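This structure is in structure tokens; I'll ask about it shortly.
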Amino acid sequence: MARYKYPIFFVIALTLIGVGYILAQTATPTIPADFECSQAELIFVQYDFQVALDTFDEQYLQSPDTALALLYDTGKAYQQLALKCGYLPPDFASLAAGTDMAIIMNALNDLQGDPIRGQAIYNNLELSGTADQVACAGCHESEGGTAPLTEGTWTRWDEIHRLEPQFEGYTFAQYIVESIIYPNAYIAEPYAEGVMPIDFGEKLTLQDLADIITFLESQDQLLD
Ligand code: HEC
């Protein structure tokens, strides 16, 4: 029996080194890309974050800056985790929309859109909730035909896009949100890719999105 004693210590030592290495590697907690909220997954990911936070003391002794960055990033990741699982904080309407479709659509369920404010933001008469000029109309009202005209946006959805395979199961709101947050996910014919800015997730709040969707819903003019 005795000859197995040392290999076991060796294995334990290697395991400890391995765990230490993994801990050092997972210093910045992130939510896995394929995360879908369920009780089991939530508990699993939360535990991962906790493990990352457990390295705080040690990191702080080595480098306070790194350790504080860990606290900050973990805080953000925790917030994102709660949002992904359906939590809406009291101030959610005024948060930047971000780029997570599920979080955005969940928040929009709880928001009432104001078409007048939506139109004002769209036409650059009012700043967005993040105090940015988004100037949608600058492209979407131009006669040069660089972007689809605002007029008839809802009708084009109803008569054309809704029937296209890639939008199966989409609502109008989903189509509009995706068009705004991920302009290159689908390129409306015959317009060019890469023209519409890709940073609206930072420049529009969830309330702005709700308002713009409600405004575009009113664009139900007949198509030529
Ligand atoms: C710099 C020009 C530009 C700006 C600014 C811009 N867009 Fe666009 N947009 C485009 C182009 C070009 C397309 C067509 C190509 C595509 O689908 O990405 C498009 C497509 C769209 C579509 C899908 C087509 C449709 O009509 O069904 C929507 C919706 C849309 N934009 C909304 C907006 C909103 C809302 C804003 C402001 C927050 C905005 N755009 C700002 C250029 C622009």
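The values are calculated or read from the model by the stated rules, or taken from the named source; none is laboratory data. All figures in this text were calculated on a predicted structure; none of them were measured in a lab. So basically every Cβ, Gly included, is an ideal-geometry build from the backbone, and we count neighbours across all protein chains shown.
Run down ASP110, ASP224 and say which single residue is at pLDDT below 95 and either more than 23 Å from LEU88 (Cβ to Cβ) or not hydrophobic (A, V, I, L, M, F, W, C) (or both).
ASP224
Does ASP211 meet the test of being modelled with pLDDT of 95 or more and in contact with a Gly (Cβ under 7 Å, 6 or more places away or on another chain)?
Yes: the conditions hold for ASP211.
Considering each residue of the stretch 149-195, count those that are of a type in the set (Val, Ile, Thr) and under 20 Å from GLN119 (Cα atoms), and give that number.
Matching residues across the stretch 149-195 total 7.
Among the listed residues PHE200, PHE215, which satisfies the condition of being in contact with a Pro (Cβ under 6 Å, 6 or more places away or on another chain), under 20 Å from VAL134 (Cα atoms) and in contact (Cβ under 8 Å) with a residue 60 or more places away in the chain?
Residue meeting the stated conditions: PHE215.
Check TYR186, TYR170, TYR182 and return the single one that is more than 18 Å from LEU149 (Cα to Cα) and without any contact (Cβ under 8 Å) to a residue 40 or more places away in the chain.
TYR170
Also, I was wondering about something else. Is it the case that the stretch 150-170 has a residue that's exposed (fewer than 14 other Cβ atoms within 10 Å of the Cβ), of a type in the set (A, V, I, L, M) and not assigned by TED's automatic domain parsing to the domain that holds ALA107?
No, the conditions are met nowhere in the stretch 150-170.
Does ILE43 satisfy the criteria of being in the same structural domain as ILE181 (by TED's automatic domain parsing) and out of contact with any His (no Cβ under 6 Å at 6 or more places or on another chain)?
No, not satisfied.
Hey, another quick one. For the list (1) surrounded by 15 or more Cβ atoms within 10 Å (Cβ to Cβ); (2) more than 13 Å from ILE212 (Cα to Cα), I need the number of the one condition that GLU141 fails.
(1)
Just the residues that are assigned to a loop (DSSP other than H, G, I, E, B) and surrounded by 12 or more Cβ atoms within 10 Å (Cβ to Cβ), please, taken from the stretch 90-114.
LEU95, ALA97, GLY98, THR99, ASP100, LEU111, GLY113, ASP114, listed by residue number.
Of (1) within 30 Å of ILE180 (Cβ to Cβ); (2) assigned to a helix (DSSP H, G or I); (3) at pLDDT below 95, GLU41 satisfies all except one. Which?
(3)
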